[in-house]
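Worksheet for the structure shown next.
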Amino acid sequence: MARYTRYDVHRQTGFTTIAFSCFVLLYMPIILLVIYSFNAGSSIAIWEGFSWRWYQSAWQNEQVQEATVRSLIIALWASAVSTSVAVMAALATTRTRKFRGQSVVFALINQPLMVPEIVTAVALLIFFAGIKVATGYTGLFYLILAHSAFCIPFAYLPIRARLQGMDLTLEQAAADLYATPFQVFRRITLPQLWPGILAGAMLAFVISLDDVVITEFVKSAGQDTLPTYMLGQLRRVVTPEINAISTALLSISILMVIAFTVLSKMKK
């Protein structure tokens, strides 16, 4: 009688080689980018010694400072707005009885994840262009609104997952004791939901901070964010200063992702 052997992908021929090759192709360029951000010379391919020169150059660059402040303002506002909307959407899709069209609502909320970003960017460009012409206003509000809309699903998913994993016993007990829906939310649901809210907010912040495509299409003159400033510099002269800025953004992203992972696993 043939002995049953459990399928294990790790034992398949060539699995280790393929996995290692994928990791090398994925992370080696990033590692080289970080290494050459400390290059003393002006080349991004020839090592000329260790130096903090390009970090100092980026720190003292007024254009970089302005773009960084602008990026942080947009990301903070986009994170706050998208997370607030995501909380309401998550409550509406998890704390109500199933209704007809619920899957359609879920798909609409997550539409930015399914539609190519370039399509969303072009649509926003056309939409906001008409408003700019009609109102004459060309401020940061359009970028904040565009980033907020794009970041909603990124904040929604961890918040919804948190709500689905919560025990309903306390909420039901509070309702049995005549607590209003708002009191149940404020005293029972919200304290347990905070890790999911913070995780969603941080994920939305990182997505907004790193966005290039939507920003490039929606921004007006003089509204470069840090990623679009870097894109513009790459079209002119490439120096390790770009490496230094990229490494700083990478560090922020890594810290936020680590915090996101920790908060997502927190139990109240």
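The values are calculated or read from the model by the stated rules, or taken from the named source; none is laboratory data. Because the structure is predicted, anything quoted here is derived from the model rather than measured. In this analysis, Cβ positions are derived from the backbone assuming ideal geometry, glycine residues included, and neighbour counts consider all displayed protein chains.
Those residues that are surrounded by fewer than 20 Cβ atoms within 10 Å (Cβ to Cβ) and assigned to a helix (DSSP H, G or I), I need them from region 129-143; list them, please.
A129, G130, I131, K132, V133, A134, T135, F141
Which of the residues spanning region 70-117 are under 22 Å from I197 (Cβ atoms), of a type in the set (V, I, T) and in a loop (DSSP other than H, G, I, E, B)?
Within region 70-117, T96 is the sole residue that qualifies.
What's the total number of residues in region 37-65 that are under 15 Å from L249 (Cα atoms) and assigned to a helix (DSSP H, G or I)?
Result for region 37-65: 6.
Would you mention how many residues in region 33-88 are over 25 Å from D224 (Cβ atoms), at pLDDT below 90 and small (G, A, S)?
The number of residues fulfilling the criteria is 6.
With the requirement that a residue be farther than 19 Å from E171 by Cα, of a type in the set (A, V, I, L, M) and in contact (Cβ under 8 Å) with a residue 40 or more places away in the chain, what does region 84-111 give you?
Listed by number, the residues that qualify are V85, A86, I109.
Determine the pairs where a residue that is among the aromatic types (F, W, Y), located within region 145-171, has a partner that is crowded, with 18+ Cβ neighbours inside 10 Å and part of a loop (DSSP other than H, G, I, E, B) with Cβ atoms under 9 Å apart, the partner being 6 or more residues away or on another chain.
If the second residue must be crowded, with 18+ Cβ neighbours inside 10 Å and part of a loop (DSSP other than H, G, I, E, B), the pairs left are F150/D211.
A155: outside any helix (DSSP H, G or I) and buried (at least 16 other Cβ atoms within 10 Å of the Cβ), yes or no?
No, not satisfied.
Of the conditions (1) assigned to a helix (DSSP H, G or I); (2) loosely packed, with under 13 Cβ neighbours inside 10 Å; (3) free of Cβ contacts under 8 Å to residues at least 60 places away in the same chain, I30 satisfies every one except a single condition; which number is it?
Evaluating I30 over (1) assigned to a helix (DSSP H, G or I); (2) loosely packed, with under 13 Cβ neighbours inside 10 Å; (3) free of Cβ contacts under 8 Å to residues at least 60 places away in the same chain leaves (3) as the failure.
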